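Every read-out reported here was derived from the displayed coordinates using simple, explicitly stated rules and does not represent laboratory data. This one's a predicted model, so the numbers in the text were calculated from it and none came from an experiment. Here the Cβ positions follow ideal geometry from the backbone for every residue, glycine too, while neighbour counts run over all protein chains shown.
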């Protein structure tokens, strides 16, 4: 007899925790929100109350001035919501502050993963496998063609290209929250200690990461730099600035992009990328399927991404699963 | 195979022509024989292995991956070889015993339908994902890395400091892996023998005349016909038809292969017969030519139906003769070659060949009048050839000039813009423009009539880019829709009826003639104006 779980309801604009009248990552303003992490498609301003990890709240405050109504919960900490629902925040390994939310009610356990990955990331603690009855998982890279290569190889590729072109610079497009800082931290880990230049849109988030104890080495702003000084350097920008007029101030940039989508050649070509770096903060196909096996839930609910293929995989492996149609989750830039 | 895979990937992500040349040249210089020859073959004509087809790959994967997961993946990736390379249940990192290109080719050649299911997996298991992609692309004969055969040959010439025309000349005498070509270019061996084969000889090309005037005592005028420039070569009992780029298009026009049985290499314009003739009729023209639009029905086909052959019969209007009855005439002056050509004509079947007539005029100004008066659909303009010019490959200053007829002009309104490539990658430099479908003051709409990305200066481009950014009303992915405020004076060679476009019209060679910053959009031309210019 499968569990009932009528107290948790997926709606198009978020997951509704009915007894507590709370919403998880709602796409519109609600009185009570539980937020998994700071990306704009999950976190937004304007809620009456926002429950999230302290780092996520700091990120949201930076982006939306959401100090009011902020309720911090540390990893491993449980808070009691109205209606007899307990919520525990567990590391998701996606970006700084990212959490899975474990909900317990009437003896039933539900985990909402938000976005997650299983690879090591120097900027956040690793995903924690936790048993549950219903596992609500993301599926951004839910196709078997997606196997992200080890990040060390991608860093080596970037640094080799940099060494080959000392008169140029490499402009790396990366998501402003998480990806950019992870790439910088990984470059440092790979022994690249030269100054890294930033598009203005990345500055505040990098500073925030540093305040949270993540060492990013010497960072300079492109707007403060002379063209010649940036030759032979790594420059970071949000993906939207890659082909923008902004890049004209750079010394003959080689356009790179750090994203899981770079695995597919035409995707990289469409964006005019010369140096694709297959780096993702989302679980790839082997990670998604391994995680379902390890968590071993009675049921998996699959959201945002390529639900169909993961659903098929569950079916092939005799695992109960359903696809949820949630709006507003897109991750074209990851 | 790793180096070849790296080359393929680098080419996929490189847009600049110079950078592509550099990549291919570096590879050809540093890779041993015969690997580099096979790679060159793969990049130019492609290799053919009868046992390995796209369906072979699909079947291999169906045995290893759930068919639903395969088709979902294939749909997303959009390329069978790439999907297979990613889905192959093999190592993600390099296994360490990767085959060389020639080793892979040797295996692929020996594969049969019966054993491909065992042999191809063995090769794939020895490669990482990028290697598998390169192998499958090479095996199925379609690299699609944005490298034309001409670019690969130019890179070859650049790699070894030889002339690309010589490369072209020897190319067709050889077969992959082109060992003799590398021996000649890289190791100084004597060039390959080209005697008894119907080989392609590089075309002689013309410079635009522009504002120059020439003396008709030194130069002869000919019509420039609006078909496709071709070369017909017959040697050793075989005839081949080549396009301007040196591609063998014999299979597309089999009637021409049958028509030439004399050992010769001829230069001319391929046209199809049509009711409305080009040029003034004279004793040398035995029938009419149709417009380029009609010829287009025959282009790009690998095989032709009997219906096509009878509805659009092809013929060649001859311009020149390069070789005849075993003699190379290319060093001789044009007048002598012309006499040889005129002497040859009676020996050729009249339904397949005629001669491009010489246009006679007493003076250059008379010629200008003749050119101006021509609105014939099959004529692109005039050619001016020095009477003493030898037939030399490429464009040599002062020998041949093309004098195209003046373009047609209409005023169009900018509708959409897209960013360009390479140097222009941050600029909105590709423009779609339209004409009004009625009176704009009575609520008429603009219908797109063409697209252009040339004809303006860098300064103008900057201003146009600014205009697009400041007047965007809508975005569709990379495309910006602008408000209907800017008028372009668009130049084009001709306009044809087309079912592919909403306006029902297609322009040939549209380019921005002038940007009319001054002109209000409602004064731009209407569709009706363009319709009146159609001459199908």
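Key figures for this structure:
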item	result
Protection proxy ranking, peptides B:443-452, A:223-232, average beta carbon neighbours within 10 Å, highest first	B:443-452, A:223-232
Global geometry of the range B:131-210, whether rounded, prolate or oblate, following the gyration tensor of its Cα atoms and the 1.5 cut on a/c	oblate
Alpha carbon centroid spacing (whole Å) that separates the range B:327-354 from the range B:10-84	44 Å
Point-to-point label distance, residue B:218-residue B:118, nm (Cα→Cβ direction, 7 Å offset)	7.4 nm
Residue-averaged [θ]222 nm for chain B, counting only DSSP H segments that reach four residues, each worth -39500 (n - 2.57)	-9500 deg cm²/dmol
Within chain A, helix-based [θ] at 222 nm, where runs of 4 or more DSSP H residues each add -39,500 (n - 2.57), nearest 500	-6500 deg cm²/dmol
Gain on full stretching of the segment that runs from residue A:165 to residue A:318 - 0.36 nm per residue minus C-alpha separation	49.9 nm
Antiparallel bridge percentage (DSSP; both residues within the range B:204-404; nearest 5)	85 percent
Taking chain A and dividing mean pair separation by its residue count, relative contact order in percent (alpha carbons under 8 Å, at least six apart)	18 percent
Mean-position separation - Cα centroids, the range A:132-176 and the range B:295-311, in angstrom	48 Å
Number of partner chain Cβ atoms within 10 Å, mean per residue of A:142-148	6
Förster radius 41 Å - calculated FRET efficiency between residue A:244 and residue B:328, Cβ distance, rounded to 0.05	0.15
Shape category assigned to the range A:151-277 from the gyration tensor of Cα positions, a/c cut at 1.5	rounded
Alpha carbon centroid spacing (whole Å) that separates the range A:210-287 from the range A:75-104	32 Å
DSSP bridge orientation in chain A - percent antiparallel, rounded to nearest 5	35 percent
Rg over Rh [alpha-carbon atoms, Kirkwood Rh] for the range B:204-404	0.95
Förster radius 35 Å - calculated FRET efficiency between residue B:48 and residue B:499, Cβ distance, rounded to 0.05	0.55
Test item: A:240-247 mean partner chain Cβ contacts at 10 Å	2
Equivalent ellipsoid semi-axes - Cα gyration tensor, the protein assembly as shown, angstrom	60, 33, 26
Radius, Kirkwood style, for the range B:1-81 when every pair of distinct Cα atoms is counted (Å)	15.0 Å
Shape box of the range B:408-531 [Cα atoms, principal axes, largest first, Å]	36, 29, 29
Cα-projected label distance for residue B:437 with residue A:18, points at 7 Å along beta-carbon direction, nm	5.2 nm
Extension gain from residue B:345 to residue B:518, taking 0.36 nm per residue of separation minus the Cα-Cα distance	56.7 nm
Simple label model, 7 Å out from Cα along Cβ direction - residue A:220 to residue B:460, nm	4.0 nm
Volume in Å³ per residue [convex hull over Cα atoms, computed for chain A]	123 Å³
Relative contact order (%) - criterion: Cα under 8 Å, at least six apart; region: the range B:2-140	35 percent
Computed lengthening from residue A:40 to residue A:68, 0.36 nm per intervening residue step minus Cα-Cα distance	8.3 nm
Among A:48-57, B:74-83, the order from most to least packed when residues are scored by Cβ within 10 Å on average	A:48-57, B:74-83
Chain B - percent relative contact order, Cα under 8 Å, separation 6 or more	11 percent
Cβ neighbours within 10 Å from other chains - mean over A:169-177	0
Antiparallel bridges, percent of DSSP beta bridges restricted to the protein assembly as shown (to nearest 5)	70 percent
Model label zone, residue B:2; criterion: amide N under 14 Å from point 7 Å along Cα-to-beta-carbon; scope the range B:114-151	B:126-132
Cβ-derived FRET efficiency at R0 30 Å, residue B:245 paired with residue B:362, nearest 0.05	0.20
The range B:2-140: C-alpha gyration tensor shape, a/c 1.5 cut-off, then a/b vs b/c	prolate
Å³ per residue enclosed by the Cα convex hull of chain B	192 Å³
